[in-house]
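Here's the structure, in structure tokens; my notes come after.
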Amino acid sequence: MGDKVIFLADIQSFYASVEKIRNSEYKDKPLVVAGDPERRSGIILAACPLAKKYGIKTAETLWEAQNKCPDLVVVRPHMQTYIDVSLAISKIMEQFTDLVEPFSIDEQFMDVTGSQKLFGNEFEIAKKVQQKIMNDTGVYARVGIGKNKILAKMACDNFAKKNETGIFKLNETNMEQLWKLPIGKMFGVGQKMEKHLQGMGIFTIGQLAKFPVGLLKKRWGINGEVLWQTANGIDYSPVTVKTHNQQKAIGHHMTLPRDYTNLDEIKIVLLELCTEVARRCRKKGYMGVTVSCGVRGASFDFPTGFHRQTTLPVASNYDLDIFNAAYQLLKQFWDKQPIRSLGVSLSNLQPSDNYQIDLFENYLRKEKLNSVFDAIWDKYGRTAIYRASSLTKAGQASERARKIGGHYK
């Protein structure tokens, strides 16, 4: 039995490419999508190839980008449009194989092992996928090819994106090309891990591939072995359409529009987040027993904050149960420094149709309240009913309802 044929298809400058399709006037102009174009401190979410020629990079500030290119076109994100295009690309890929696994909004894995008799060899299929995506959506896909997901991903990130055809296959015959690259270029190695590995004398992917795996396991446990396997192109995980079906936690996080220093104001946003987590749990048919709460301080130079969790007496999907637990964590661990982001999640999930009743709590009343809230929100939308506290200047529920993933729809 031969090797599998796995693709990782990545859309070039996805958000920026979609914006150029939305408005043809931008076609030949350097363009960036920025999180908040009204503020020069806004972050660049995507830059088109023309903008990248000026040295503009994702995640730098709008102020830095505009200094590099004064004629830069700045567009705010349209998240719903990007989601729609991403789903359309999934449908295109499903015309070539039923094994399509989204990895992010602009990256998707495909297992085309069984498709070759229908559509040709791996390079022919990759070209057809590229062409179909371009014809139907107008965006350009780069395709990494490998016998597993890790090789396909690293083929795409390190070679297909720089290749004239936008297609590259990584296998045993050309692994030396990968091994020559700096260790920071390897999938799964962030800045902190890069420094750790360099401190061990590992500066290239090849040096990691040849490093004694036992020493890596001794230092980082199973993660050390995963790093070694990645460097050697070993990956046993299949492309599966069920990856996202089994949810382990449901959470909600937001970056605040300003520094919050007052506990009463933070409480308002915390309650809104807990209300949203509870609503989503009920929508998906879950209850949970572990409540996690985390905050990040406002200072980047001296980062502060915490992330802690606690256990509920019984499983719940009622917002005030989640809030009371999260609020206790906030009071216990918050250092009273200004905060800029806040998050809540519920984990250790179980089906909501099979739960233990706490005899000392009025669960029937809670269920009736939940049913009323959910019916109103389902029929009239998330802005149909608020707690009065959300109408204060600290409240963010109305603003969040206009956003997807922290950005306007």
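The values are calculated or read from the model by the stated rules, or taken from the named source; none is laboratory data. From a predicted model like this one, the values you see are computed outputs, not experimental measurements. We place every Cβ from the backbone using ideal geometry, glycine too, and count neighbours over all the protein chains shown. Remember, those area values only see protein heavy atoms, side chains included, never the ligands or the DNA or RNA. Shrake-Rupley method; radii C 1.70, N 1.55, O 1.52, S 1.80 Å.
Are any of the residues in the range 174-192 touching a Ser or Thr at 6+ places or on another chain (Cβ under 8 Å), open to solvent by 80 Å² or more (accessible area, probe 1.4 Å) and at negative phi?
Scanning the range 174-192, I find at least one residue that is touching a Ser or Thr at 6+ places or on another chain (Cβ under 8 Å), open to solvent by 80 Å² or more (accessible area, probe 1.4 Å) and at negative phi, so the answer is yes.
Can you tell me which residues in the range 48-62 are open to solvent by 40 Å² or more (accessible area, probe 1.4 Å), over 20 Å from Val139 (Cα atoms) and in contact (Cβ under 8 Å) with a residue 24 or more places away in the chain?
Tyr54
Going through Lys91, Lys153, Lys132 one at a time, which residue ends up being of a type outside the set (Phe, Trp, Tyr), open to solvent by less than 30 Å² (accessible area, probe 1.4 Å) and under 28 Å from Cys48 (Cα atoms)?
Lys153
Can you list the helices (runs of 4 or more DSSP H) lying wholly within the range 30-144 that have 3 or more residues being in contact with a helix residue (DSSP H, G or I) (Cβ under 8 Å, 6 or more places away or on another chain)?
Where helices (runs of 4 or more DSSP H) fall fully within the range 30-144 and carry at least 3 residues being in contact with a helix residue (DSSP H, G or I) (Cβ under 8 Å, 6 or more places away or on another chain), they are 79-93, 122-137.
Within the set of pairs 6 or more residues apart or between chains, which connect a residue that is without any contact (Cβ under 8 Å) to a residue 40 or more places away in the chain inside the range 265-292 to a residue that is open to solvent by 20 Å² or more (accessible area, probe 1.4 Å) with Cβ atoms less than 8 Å apart?
Sorted first by the residue in the range 265-292, then by its partner, the pairs are Arg280/His252; Lys284/Gln247.
Leu178 - would you say it is over 25 Å from Lys52 (Cβ atoms), outside any loop (DSSP other than H, G, I, E, B) and in contact (Cβ under 8 Å) with a residue 12 or more places away in the chain?
No: the conditions fail for Leu178.
Residue by residue through the range 311-346, note down the ones that are among the β-branched types (Val, Ile, Thr) and either crowded, with 22+ Cβ neighbours inside 10 Å or within 26 Å of the chain's Cα centre (by Cα) (or both).
Ile322, Ile339, Val344
If I filter the range 24-33 for residues that are of a type in the set (Asp, Glu), open to solvent by 10 Å² or more (accessible area, probe 1.4 Å) and under 24 Å from the mean Cα position of the chain (by Cα), do I get at least one hit?
Checked against the condition, which is being of a type in the set (Asp, Glu), open to solvent by 10 Å² or more (accessible area, probe 1.4 Å) and under 24 Å from the mean Cα position of the chain (by Cα), the range 24-33 yields no hits at all.
Residues being among the polar types (S, T, N, Q) and outside any loop (DSSP other than H, G, I, E, B): count how many of those fall in the range 145-174.
Residues in the range 145-174 being among the polar types (S, T, N, Q) and outside any loop (DSSP other than H, G, I, E, B): 1 in total.
Within the range 63-79, work out how many residues are open to solvent by 70 Å² or more (accessible area, probe 1.4 Å) and touching a residue at least 40 places away in the same chain (Cβ under 8 Å).
Qualifying residue count, the range 63-79: 2.
What are the pairs, 6+ residues apart or on separate chains, where a residue within the range 104-126 that is closer than 15 Å to Cys156 by Cα has its Cβ under 6 Å from a residue that is surrounded by 13 or more Cβ atoms within 10 Å (Cβ to Cβ) and aromatic (Phe, Trp, Tyr)?
From residues that are closer than 15 Å to Cys156 by Cα, the pairs are Asp106/Phe14; Phe109/Phe103; Met110/Phe7.
Please determine, by comparing only the residues of the range 3-15 that are in contact (Cβ under 8 Å) with a residue 40 or more places away in the chain and either in a loop (DSSP other than H, G, I, E, B) or among the small types (Gly, Ala, Ser) (or both), which one is surrounded by the fewest Cβ atoms within 10 Å (Cβ to Cβ).
Checked the range 3-15; the qualifying residue surrounded by the fewest Cβ atoms within 10 Å (Cβ to Cβ) is Asp3.
Do we find that Gly188 is small (Gly, Ala, Ser) and under 18 Å from Leu151 (Cα atoms) in this structure?
Against the criterion (small (Gly, Ala, Ser) and under 18 Å from Leu151 (Cα atoms)), Gly188 qualifies.
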